[in-house]
Amino acid sequence: MEALRIQHLQKSYDVPNRESFAALGDVTFEVRKGEFVSIVGPSGCGKTTLLTCIAGLRSRSGGQILLYGKEVTQPPREMALIFQEYGRTLLPWKTVLDNVIFGMENRPEIKRSEHRPRGREVLNDVGLSSFEHVYPWQLSGGQQQRVAIARGLANGPDILLMDEPFASVDAQTRAELEDLLLRVWQKFSRTILFVTHDIDEAIYLSDRVIVLCQNPSVVLDTIAIEIERPREQISSREHPRFLHYRRYIHKLLQRSTDTGTAP
Amino acid sequence: MSTSGWSAFAARQSRLSGFLFVLLLLAGWEIVTYLVEDVAFYIPAVSSMLQAFGEMTWSGELPYHTVVTLIRLLLGFALSLVAAIPCGLLIGHSRPLFEVSEPLVELLRPVPAIAIMPIAILVLGINVRMQVFVIAWASFWPILLNALDGVRGIDPILMDTARTYGYQRFGLFRRIVLFSALPYIMAGLRLSLTISLILAIFVEIFMGGSGLGFLIVDYRSALRIPEMYAAIIMVAVLGYLLNAAFVLLEGRLIRWHHMSHASAG
Ligand SMILES: Nc1ncnc2c1ncn2[C@@H]1O[C@H](COP(=O)(O)OP(=O)(O)OP(=O)(O)O)[C@@H](O)[C@H]1O
Ligand SMILES: [Mg+2]
């Protein structure tokens, strides 16, 4: 079943005293329910722009975003966006647990008495159960990121949009968080649209990888990743197909930047 | 734990040495007044000031006028607070409102309260209402500007986060804007509390009748200099206590702010 369809999405930013800047040229793709899809592309190609448009936070200049067949006009309940600057998305005046239930508090269909048990359960899933009374600024970057993910999950969205969530943690923590994400993805059977500029990470995590080029960006290609699950950090990355995908995507991006620099 | 214990100890130590320094100055003052005879009339010995302070406290005169000044300044402060916080939050939150009111704010803000007084007298007459208005005028601006800055300085990513969780207008305001702006508002309130005290003393000096400001001019014209100093000392004590009480309240309300900034720095 199709969860999300992006059709001919365009987005230009107004720049004062100059002609507007076209970030997204013409982006089209779809995401099926339960799928793990990654978007890769060079820095500044419009990945964040794309996610904020899908999340209903930015107006678009053209095209359509359909969520279960319905046009997205404002932030929908079915989606949660985990921001690139996750540290700045946690409320400094609330404890970790209160941050996690912040989203639920705005959903009348979830009973008040359920907030805390549910929040604790998700915190346990991300391995932070002993930190519920701590404030976010007392946590490390990687722990803060877990809180942000827990908050997204606790809200029970069908679709999780994640913007380079592991960009600023060390390699070890990053591998841990990747596997954690795969576990919760399977446990809660969610749909995930994952943005990264790390090609290896995209291949390791995804069912499909969408490659974007420099602005105004379009989809260069979509690659189905046929490596069996559950994935494993070492063996999956040594899979012959892994290396094949990796070389292919590198070439694709290289060629696009070579031709893209022509005036 | 042990490090915070240490810093508390160090803070007590430095406060103690500051206190000792004041005592040293007072002792020096006392000695000078004995050595230089002519000075003693204008700058009386510390001991004679303290004596006057004690007598005026005992007679109830000093407590009475202190309470009068306190009530006057708190009325003005409360009036400005009730007006400035909602104004600042609203103007900061709404872009059109900000654009409309910014020139007006920039125009009125630099007008000193002293220059407003003749107008206040004309409109309200010479009474407590007019005094409270002048105090409120001066105290209004720091609160307004800080609340405004606080709202406009909110991290847009924080707002976007709340929006992805479905919070809209009033929800955003109540759950995000209010809390983010609180540290700024508190800073404005603290500034305004001191300004309220200054203005209260000013209107009392200017108009007489009652209060510590009145006491100061009254004893000066009677040439009872130690009593005049006793009233001035009381102003200083009142200012100190008000600020201390405020810091205590602020610590309760926005502990998260100070601590998160301490951990970031
Ligand atoms: N508010 C804005 N106004 C004008 N231009 C913008 C704005 N936001 C982004 N842009 C431009 O749009 C382009 C895409 O930005 P975006 O943040 O989406 O890139 P990104 O792919 O997420 O980059 P990164 O990998 O570095 O996070 C950039 O060239 C950027 O300069
Ligand atoms: Mg980005």
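The values are calculated or read from the model by the stated rules, or taken from the named source; none is laboratory data. Keep in mind it's a predicted model, so treat the numbers as computed, not measured. Note that we place each Cβ from the backbone using ideal geometry, even for glycine, and neighbour counts take in every protein chain shown. Ligands, DNA and RNA are stripped out before the accessible areas are found, and what is left, the full protein with its side chains, is counted by its heavy atoms. Shrake-Rupley method; radii C 1.70, N 1.55, O 1.52, S 1.80 Å.
Okay, here's what the table says:
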item	result
Matching residues, the range B:204-257, being in a helix (DSSP H, G or I), of a type outside the set (A, V, I, L, M, F, W, C) and in contact (Cβ under 8 Å) with a residue 24 or more places away in the chain	B:Glu204, B:Gly213, B:Pro226, B:Glu227, B:Tyr229, B:Gly239, B:Asn243, B:Glu250, B:His257
One residue from B:Leu89, B:Leu81, B:Leu73 being touching a residue at least 40 places away in the same chain (Cβ under 8 Å) and more than 30 Å from B:Met159 (Cβ to Cβ)	B:Leu73
Of residues in the range A:47-87 being among the aliphatic types (A, V, I, L, M), in contact (Cβ under 8 Å) with a residue 60 or more places away in the chain and in contact with a Pro (Cβ under 7 Å, 6 or more places away or on another chain), the one surrounded by the fewest Cβ atoms within 10 Å (Cβ to Cβ)	A:Leu67
Pick from the range A:182-201, criterion within 11 Å of the chain's Cα centre (by Cα) and either more than 14 Å from chain B (Cβ to nearest Cβ) or open to solvent by 10 Å² or more (accessible area, probe 1.4 Å) (or both), ranking: farthest from ligand 1 (Cβ to nearest atom)	A:Thr191
Which listed residue is surrounded by fewer than 17 Cβ atoms within 10 Å (Cβ to Cβ), over 23 Å from the mean Cα position of the chain (by Cα) and more than 14 Å from chain B (Cβ to nearest Cβ), from A:Ser113, A:Ser168	A:Ser113
Matching option when the condition is at pLDDT below 95 and under 16 Å from the mean Cα position of the chain (by Cα), among B:Ala78, B:Ala120, B:Ala113	B:Ala113
Residue in the range B:124-134 that is touching a Gly at 6+ places or on another chain (Cβ under 8 Å) and polar (S, T, N, Q) present	yes
Residues located in the range B:143-168, provided they are within 12 Å of another protein chain (Cβ to nearest Cβ) and part of a helix (DSSP H, G or I)	B:Pro156, B:Ile157, B:Leu158, B:Met159, B:Asp160, B:Thr161, B:Ala162, B:Arg163, B:Thr164
Criterion violated by A:Ile225 - all others in (1) open to solvent by less than 50 Å² (accessible area, probe 1.4 Å); (2) closer than 18 Å to A:Ser43 by Cα satisfied	(2)
Residue match in the range B:203-214 (condition: among the aromatic types (Phe, Trp, Tyr) and surrounded by fewer than 19 Cβ atoms within 10 Å (Cβ to Cβ))	yes
